[in-house]
Amino acid sequence: MKGLLIKDFLTIKKKYGVPRLIMDVAIIIALMIILEGTGAIYISFLLIPMEVASMVMSLTTCDEQWKYAISLPVSKTQIVKSRYAFALILSLVGFAVALGVNTISFVCFPAYRFGFYVFLSIASLGVTLLFLSFILPSNYSLGVNAGFAAMIIMVILLIILGIWSKLTNNAIMWFVVEHFELSMVITFVGVAILFVLSYALSVSFFKRKHT
């Protein structure tokens, strides 16, 4: 599995590289300047999950083109497991970025206690894993196009949720502030269960596809 992880890392490094990194940093800085306090929210809940999801789908595209992983003397379960492990690593990198952005937002535009900004970073990780929990099984069952469609649907649902929260005077944010510990437990347990179920589905779809 280590070789598969290295393969994924080298593929991402080649396809994205320094120019994409510079572009992402520029987008983050621009959003923080233009949107001020709300910039961290858009970065945490839209930019980071979409970037991680696009990287994972790029890997799936390469797998379908090169047929490299399936030709190796490793089980199909190991192939899927390595992809989920790499997706989790990318998600943790995204969490680190979200934590940095939210810390800057707290220092420059303090509207809530710092714990709330930490929760936003954890929630960003949760949203990223939520995206992947739907995208990865779609990729393994119907291909990259299905994964892309799943990502678009998730983005639309997230935007609708944001609009609803704004119409209800940020009800979600105030619930988190008033029930911080409960929100942490719900986010962690819910996403963890969904991610595990997603992995089981992906293994089943991948085995069925290559029998």
* Any number yet on Rg/Rh for segment 47-131, C-alpha, Kirkwood? -> 1.15
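Provide the per residue accessible area, probe 1.4 Å, for the chain, rounded to a whole number of square angstrom.
Values: 11590 Å² over 211 residues.
Heavy-atom SASA per residue in the chain reads 55 Å².
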* Structure fact -> So the FRET efficiency between Arg113 and Ile159, C-beta based with R0 = 35 Å and rounded to 0.05, is 0.85
* Asked: Against the longest principal axis of the chain, how steep is helix 114-142, in degrees 0 to 90 to the nearest 10, with axes from Cα atoms?
  -> 30 degrees
* So what's segment 117-176 giving for Rg/Rh, alpha carbon basis, Kirkwood Rh from the mean inverse pair distance? -> 1.09
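Just round it to a whole percent: the fraction of Cα-Cα distances in the chain exceeding 29 Å.
28 percent
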* Asked: In degrees, nearest 10, range 0 to 90: what is the angle between the Cα axis of helix 48-66 and the longest Cα principal axis of the chain?
  -> 10 degrees
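To the nearest 500 deg cm²/dmol, what mean residue ellipticity at 222 nm is calculated for the chain from DSSP H runs of n ≥ 4 alone, each contributing -39,500 (n - 2.57), summed and divided by the residues? Intermediate results must be reported in sequence, preceding the final value.
Numbers: 10 runs with 184 residues, N = 211.
Calculated mean residue ellipticity at 222 nm is -29500 deg cm²/dmol.
The values are calculated or read from the model by the stated rules, or taken from the named source; none is laboratory data. Everything numeric here is computed off the predicted structure, so don't read it as measured data. Because the Cβ atoms are built from the backbone with ideal geometry, glycine has one as well, and the counts that use them run over all protein chains shown. Side chains included, ligands, DNA and RNA excluded: accessible areas come from the protein's heavy atoms. Shrake-Rupley method; radii C 1.70, N 1.55, O 1.52, S 1.80 Å.
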